[in-house]
1. Got the relative contact order for the stretch B:442-496 handy, in percent, Cα pairs under 8 Å and 6 or more residues apart?
2. With the calculation restricted to Cα positions, what are the radius of gyration and Dmax of the stretch B:273-441 in angstrom?
3. So for each of A:48-59, A:137-148, A:296-307 I average, over its residues, the number of other beta carbons within 10 Å; can you give me the resulting order with the highest mean first?
4. What are the GluC sites (Glu not before Pro) within the stretch A:494-592 that DSSP puts in a loop, where the Cβ has at most 16 other Cβ atoms within 10 Å?
5. Cut-off is 10 Å between beta-carbons; in what order do B:ASP337, A:ASP458, A:ASP382 appear when sorted fewest neighbours first?
6. In degrees between 0 and 90, to the nearest 10, how far off the longest principal axis of chain A does helix A:2-19 point, with axes built from Cα atoms?
7. Counting other C-beta atoms within 10 Å, which of A:LEU182, B:LEU361, A:LEU398 has the fewest, and how do the rest follow?
8. How high is the FRET efficiency from B:ARG157 to B:LYS125, r the C-beta distance, R0 22 Å, rounded to 0.05?
Amino acid sequence: MKPIFIFFSLIFLAITVFSQENYDSDLIPSNLKNRANATIRKEETVIDMRAPDNVILSVKKAITVLNKNGDDKARLVLFYDKSTSIKSINGEVYNAAGILTKKFTQSNFSDESAADGFSLFVDSRVKHYLPSENVYPYTVVYNYEIRFKQNLIIPDWVPQDEDDISVEKSSYTFISKPTDELRIKTQSFEGKPEETINDKQKILVWKVTNLPAVRPEPYSPGRKSYQTSVKIATKNFTYYNHSGSYTNWQELGKWNYDDLLKNKKNLPPATVQTIAELVANEKTDKDKARKIYEYMQKKTRYISVQIGIGGFQPVSASEVDRLGYGDCKALVNYTQSLLDVAGIESYYCIVEAGNKKVSLDPNYASMVQGNHIILCMPLKGDTTWLECTSQKIPFGFLSTFTDDRLVLACTKDGGKLLKTPKLSTAENLQIRNAELKILPNGNVIGTMKTTFSGSQYDNNEELIEKAPLEQKKLLAKVYDIDNINFNTVNYIQRKNTDPEIIETINLEMPHYGTINNNRLFLKLNAFNVQNTISEVRNRTKPVYINRGFTDEDTIVYNLPDEIEKNLLPESDKKLKSIFGEYTCRTILDDKKLIFYRKLVMNEGTFPPETYAEFFKFTTEVNTADNLKLILSLKK
Amino acid sequence: MRKISLLIIFSFSLFTTYAQNFNFGTITLDDIDFDRNKIDSNANAVVLKEFGTASVQISDRTGSTELIFEYHVKIKIFNKEGYEQANVVIPTYKDGTREELISAIRASTFNYENGGFVESVMDKKSIFTENKSKYTVLTKFTLPNIKNGSVIEYSYRLESPNLFNFKTWEFQSDIPKVYSEYLVYIPAIYNYNVSLRGFNKLSDTRSELAKECMRINGTPIDCSKIWYIMKNVPAFVEEDYMTAASNFKSAIHFELSDQQMLYGGSQKYTKTWKDIDYELTSEKSLGAQMKRKDLFKDAMPAILKNSTDDLSKAKAIFEYIKKQIKWNNYLGKYSEDNIKKALDLRSGNVADINLSLISALSAANLDAEAVILSTRENGIVNKLFPVISDFNYLIAKVNINDKSYLLDASEPLAPFGLLPLRCINDQGRVINLKKPSYWIDLVAGQKTSTSYIMEGKLEANGKIKGTITTHSTGYAALNKRTEIKKYSSPDEYVESLDERLPKIQILKQQIKNIDSIENILTEIYDVEFSPIANASNDDLFFNPFFINPVSKNPFKLSMRTYPVDLGAASDERVIINIVLPGKHEMTEKPKDLAIGLPNGGGRYMLKTLVEDNSLSFSQILQFNKAIYQPDEYPYLKEFYSKIIQNQKADVLLKKTK
């Protein structure tokens, strides 16, 4: 009993000290006000792991909102569900001078479903509070306590999670039993935590002070890859009446396989028979898998329902078979079950999906690093990956959603980290050929054919099954030219492992060429102009380009007879930089004006000082792309 | 038991009369083969048939009168984009004492396989109830085995204690409908005002008497039985520059006007404006709060110490209230508690703030009234009869000499007489403590204009250096001030502006009157840029449209169904004077242009000339109206198109020796 008593008095002490803080906003050091929309004056996070099914999180946070852009930083959002209960919340609001103006309690919080917008049903809920203050600066102080009935997921510490927040003081205290085995992952933290051990408790404390806000810089690596953070995982855990232990990916993958995925693969006999007949005439495993995948795509659709441990555990294959829908876990598990029927081995893989590539941390295993499930078939060396939640995506193609990153395969032998295939600069192609005609009045008509592959296939996939009217509406945004009109639009989808979309458009651009004083003004590059990037001086972070690409445009303009010749100005351009290469050329061949453009943009991480070069490169490309030609007309 | 048997007879009689609900699960080959080209070749899904019925009955559960609404629909799904029609969400309302209930949900998917229909019945387990917020419950379900070509069918029953608005029926939704029918039974003891909104006409409507359709305490009551039918209803597609969708969506709306009491007498709900005037002026959270002159007696001398005439008094009071009470981001036509509390807390909703303003103006012996209105997002108010629930906002009106000013003190950056854009929505109703109420147009009380004046010099190194001075008024100033105020300092605002303009460098800046909002907002930027795109020989190419160019046509669609609502009239002028090194001749230039919209709706003028050593350029773009009707749309589109074409042309200067 004694140590608990000590702990309580400690907390009590902390509270009394805290409430005597002075929240006068003038006390914020000026280096912390610079570029900040809000300043965390003090944040104390204490996690007390009393038992695997009793983890208490208590937070005291004082944040000063400096201007309107900072309003949202004062919002408090707390999730809760069957395994997470909110024990208490209260808080105060102080004005600029640090005088208490308002108090609030749990009853002032709105309580809403935590539905994420794409799930049909999610059983977790949120309580949230946003103070309505209009006079800046103001300070909000929150005190809250949450009880977790599990210790598989322990809240991380991220003292500064956004660029425009500065931090005066922040600390993270983790209390466990001396016998608990912990794994701790710290990032960008200098030094060691303060450690106190007695026979009942082990207390670890991390602290930071004076973190200034940072200016957002375009093309930076994701904040998560460099911000200060502490993550903790315990060896033995409990979660919704399941328990287990792990210290690495191998063991965590094994637990997933043995516990969460167990007994989920039953299929009704009719389906087993259908699959057997379906693949009977296919010779290779890959061809069989393709048939099965297409069957699955036709039969199912993605519907997300997340209840309790259902967040980590799929519903059974027979359920998906009956309903014809499921979430990523259910659909992967279902596809895996179908493949089992044909005797094809596959792995259930946990991945962090999203356009930005994020790998699972090879040196630190934990439960919540992934947000999606995909399927991997080893196929005796011809490794093939399947995305099971889309009805459109080709067999064997993962798309930019899950490309080029480390994922956890949960197999009968335990977890294995695997890398998904990369979409390279040379593969991410957009090849365009247009044959256009300029009419004497400046109108331009003609046909344009564009082939998209690699990551550029992805960018265009959503268009292909839309209704024609909808396609034209979306195309008017892609090819944003005044009054552009699409007479016909046609898409061909080549569903290979390296898929392609071929877009053929017949278009009209009234008055695209402007006639003025017997001259024709024509912007040669009508469809593919490189955007400029913002000019940031004194760049601090590396330049990160997530994915490279290659664009090649050839546009043939058939000129009207009224054009006088030999008037072509010097306009060819060749640029080369570590960021890529650019070529544009114009050739006049009798009545044909041929414009050729090629842009290769490289991916990678480049040193901060190269940003100026990146800026120069994109600006020069933009200038060249905006080139206008002036052609004289015969009198 | 009596009630139930009555119901059965009732539904039987329904069977034999006019149209009727269709049987669940009667899918035909016509449904499966339905060709979407018959209604909309772009449809991803189509409502084949939709039937709803609403009536008033005594609830077994609560013993009080309740609205019973039954809904039944059959939808054909054509492709994957249409699959979302199989995910159904039914929102219902609840509060502490009353709630709406959904029951009897039935749903099936029908697929035509191997020459026969296969029905997949939705499991009751697949129905989820989500308590979305304090007042909203969502009933959600999804249908099984959806494929291209599936026909889905579902029905449910809603019980609602809310009789006031009966049950709105939306004929139009995001997919087209082949047939939509609504049948209502309105007991003779209730009188409803019924309004049909939207651009589509009813295909058919009919009414008849239904004898003894319900019984209250043994007394039989007759009903009006009314059918509303719409056929081939197009999908509702939202367009840009459009106010609230509810203004335009085809739907039937109801509001209870009065109820006959069983034992004589009647209770009025929707009333004449005379009744509403009496009600609002005597309402303790509205009329009573307009009379609280006492609250300002003590402060008034200090507020008015520098004011002599009535207008300057009104302005001083307006500024005082803006500083005194901060808006808590809630709308409303009623004070949350009372204005004294709002003044004490220095925080309140829109009504708190503007009722305080009215009381304060009255305390200074100025003639102040209240105006209730509906915000742009809330839709346009019904003007055929008073629908008090349509109004969600209250502002002040002060009359000085022959002029009147509309005031909203909830927006600290809005000058005297300029309502925030959210209030500019058709008409509001003026509520006076002594006189009858009347309608007033809600228009911007100040002109919205921006002018850019650039004085520059073309330097020997090919760069242009100069000063751009921008003056903004009206909404242009309000929007800009709001934007600047989002940053910690004007310097940080300019820094981000500079970053957004990669080809122009801002060397020095000055922003005047950020806080003196009654004055013109002025920005002065010293800039440098290299505008010469392709210089060869001694020729200088130069595109003069670098300040706020119109590069994109905001109107891309070829057709427009709904009015274009720009919010307010506007005026933008650009004047550029550039001193050139030495004598130049202008061999090319954008055409001098003067074009206009029909009926003085707007104009665009452009003039470029070189005189002596200087290039001068002037451009005016004016929109004289806030709202353009659909028939004016092609002109607007063409107007923009002409401007864009003209702005593509460059100035070409040749040095003359």
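What follows is calculated from the coordinates using simple rules that are stated; it is not laboratory data. Owing to the predicted nature of the structure, the values given are computational and were not obtained by experimental measurement. Every residue, glycine as well, gets a Cβ built from its backbone with ideal geometry; the counts of neighbours run over all protein chains shown.
1. Working: 54 pairs, mean separation 17.7, N = 55.
So the answer I get is 32 percent.
2. 14.7, 46
3. On the way: A:48-59: 17.9, A:137-148: 21.7, A:296-307: 19.7.
Packing proxy ranking, top to bottom: A:137-148, A:296-307, A:48-59.
4. Values: sites: A:GLU500, A:GLU503, A:GLU508, A:GLU535, A:GLU552, A:GLU562, A:GLU564, A:GLU570, A:GLU581; in loops: A:GLU535, A:GLU562, A:GLU564, A:GLU570.
Loop-located and lightly packed - A:GLU562, A:GLU564, A:GLU570.
5. Numbers: B:ASP337 15, A:ASP458 23, A:ASP382 12.
Fewest to most other Cβ atoms nearby, the residues stand as A:ASP382, B:ASP337, A:ASP458.
6. Between helix and principal axis, roughly 60 degrees.
7. On the way: A:LEU182 14, B:LEU361 28, A:LEU398 23.
In increasing order of surrounding Cβ atoms, one gets A:LEU182, A:LEU398, B:LEU361.
8. Details: r = 19 Å, r/R0 = 0.88.
Plugging the Cβ-Cβ distance into 1/(1 + (r/R0)^6) gives 0.70.
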